Amino acid sequence: MKDMIITAEMKETAEVQIRKLQKEISFDTKDYPIEVLVDKFCKDDFYIPEYQRKFVWDDAKKVRFIESVLLGLPIPFMFFSDNEDGRCEIIDGAQRTQTLEAFLYNDLILDGLEKLTSLNGFTFSDLPEIFQRKFKGRTLRIIVLADTTTIETRQDIFNRINTGGTKAIPSEIRRGSYTGAFMKFVEKCAKDEQFNRLCPISATMKNRYEDSELIVRFFAYLNNYQNFQHAVDDFLNDFVRGREKEFDEVLYEKEFRNMLDFVEKYFPYGFAKSKNAKSTPRVRFESVSVGVALALRENPGLKPDSMEWLNSEQFKIHTTTHASNSPKRVRGRIEYVRDSLLKGDGNENNA
């Protein structure tokens with residue numbers, strides 16, 4: 001039962017509050033062709049902010065979305081926000097944008113399509129040219145918030161759009177599913193003081209075991225990156241499962257320690273992009289940690305002549321936050337670091 005009596009004064013206060021908060025949210029509506037949207041994303045004109053949850057659609061969700069676009073089905077609005085520097089922050093639509101990028105660059109193979117079954121096994125370049133043009137030209141509607149929108153309001157919009165139960169992410173599932181000697185070793189590595197000093201991780205992501213996730217990725221890619229295919233979670237699960245009963249802990253710890261010592265000596269900010277970084281992008285950690293360890297396997301006494309390549313455009317491209325997890329790009333970023341260290345001359349063309 002409602003016991004509160006709403007007075008005229010209370011209604012007036014409520015009206016003032018509603019009008020005030022409504023004024024804080026100013027927006028425009030824009031339509032972008034997919035080709036333009038992806039191009040701006042690749043150039044970082046559109047970017048994914050740090051506060052968003054760090055998860056990626058699995059291949060099934062990606063393929064289902066691409067099928068919806070190909071069928072011409074309505075696609076929900078995306079939300080962006082203008083910034084003072086002229087770039088746009090992606091508040092809602094990151095997974096759709098990343099999926100479009102992966103498809104246009106042939107990093108996504110269509111599989112398990114429910115309607116367009118004749119396209120199973122296709123990449124974008126396999127489509128008839130007329131449908132390639134139609135796909136790139138299809139427009140998606142985007143709500144663009146004005147640059148006066150506060151960071152708190154942007155985060156609030158993101159959280160409201162993504163309301164519902166918090167789903168377990170792969171690192172949490174993996175930790176609960178595998179409890180053998182290898183995962184206990186991973187947890188020990190995650191508590192290592194040197195690792196935590198070199199690899200900043202936000203408190204929120206630590207609570208979701210991002211530190212353990214990074215270490216699993218390090219060992220899995222170090223020992224098997226050449227056999228990696230598209231599904232990262234399956235690749236990591238298979239690797240962990242294969243070491244549940246037995247693995248060479250002494251060797252693993254030695255390579256982990258040598259890699260950390262090398263990074264601390266030669267990388268000014270460790271695995272992070274800057275001195276005061278609060279987080280470490282996965283693609284950057286993978287490329288640096290695995291690249292270093294592979295180089296040390298070839299030359300245990302490695303002393304690089306130059307680290308200028310760290311500031312190169314090519315290294316930036318390899319380690320941008322939206323770099324895809326295609327086999328080609330995973331190998332590319334890992335081997336770029338390995339080869340740059342072994343050659344040591346800072347020449348981008350040698351990668």
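For the reader, a short list of remarks on this structure follows.
- Region 92-116 - residue that is of a type in the set (A, V, I, L, M, F, W, C) and under 30 Å from L145 (Cβ atoms) and, of those, nearest to the chain's Cα centre (by Cα): A94
- Pick from region 247-303, criterion touching a residue at least 40 places away in the same chain (Cβ under 8 Å) and hydroxyl-bearing (S, T, Y), ranking: surrounded by the fewest Cβ atoms within 10 Å (Cβ to Cβ): Y266
- Close pairs (7 angstrom Cβ cut-off, 6 or more residues apart or separate chains): under 13 Å from I142 (Cα atoms) in region 33-50, of a type in the set (A, V, I, L, M) anywhere: I34/L100; I34/L140; L37/L100; L37/L140; F46/I90
- Among the residues making up region 225-244, those that are over 19 Å from F185 (Cα atoms), part of a helix (DSSP H, G or I) and not hydrophobic (A, V, I, L, M, F, W, C) are Y225, Q226, N227, D233, D234.
- Verdict on R333 being open to solvent by less than 40 Å² (accessible area, probe 1.4 Å) and touching a helix residue (DSSP H, G or I) at 6+ places or on another chain (Cβ under 6 Å): yes
- Any pair with Cβ under 7 angstrom, 6 or more apart, that starts in region 223-246 at a residue that is among the hydroxyl-bearing types (S, T, Y) and ends at one that is part of a helix (DSSP H, G or I) and open to solvent by 40 Å² or more (accessible area, probe 1.4 Å): Y225/R331
Table: residues versus (1) in contact with a strand residue (DSSP E or B) (Cβ under 8 Å, 6 or more places away or on another chain); (2) modelled with pLDDT under 90; (3) of a type in the set (G, A, S).
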residue	(1), (2), (3)
D238	no, yes, no
F247	no, yes, no
F262	no, no, no
F267	no, no, no
K275	no, yes, no
S289	no, no, yes
P304	no, no, no
I334	no, no, no
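- Matching residues, region 117-141, being among the polar types (S, T, N, Q) and either within 15 Å of G72 (Cβ to Cβ) or within 28 Å of the chain's Cα centre (by Cα) (or both): N120, T123, S125, Q132, T139
- If you go through region 336-351 and keep only what is touching a helix residue (DSSP H, G or I) at 6+ places or on another chain (Cβ under 7 Å), at pLDDT below 85 and of a type in the set (D, E, K, R), you end up with just E348.
- From R133, R141, residue being over 30 Å from K278 (Cβ atoms), open to solvent by 80 Å² or more (accessible area, probe 1.4 Å) and touching a Lys or Arg at 6+ places or on another chain (Cβ under 9 Å): R141
- Search result, residues across region 259-299 that are among the charged types (D, E, K, R) and out of contact with any helix residue (DSSP H, G or I) (no Cβ under 9 Å at 6 or more places or on another chain): K265, K275, K278
The values are calculated or read from the model by the stated rules, or taken from the named source; none is laboratory data. Bear in mind that the values here come from a model prediction, so they are computed numbers and not experimental data. No Cβ is skipped: glycine too gets one built from the backbone with ideal geometry, and neighbour counts run over all protein chains shown. Surface areas here come from the heavy atoms of the whole protein model, side chains and all, with no ligands, DNA or RNA. Shrake-Rupley method; radii C 1.70, N 1.55, O 1.52, S 1.80 Å.
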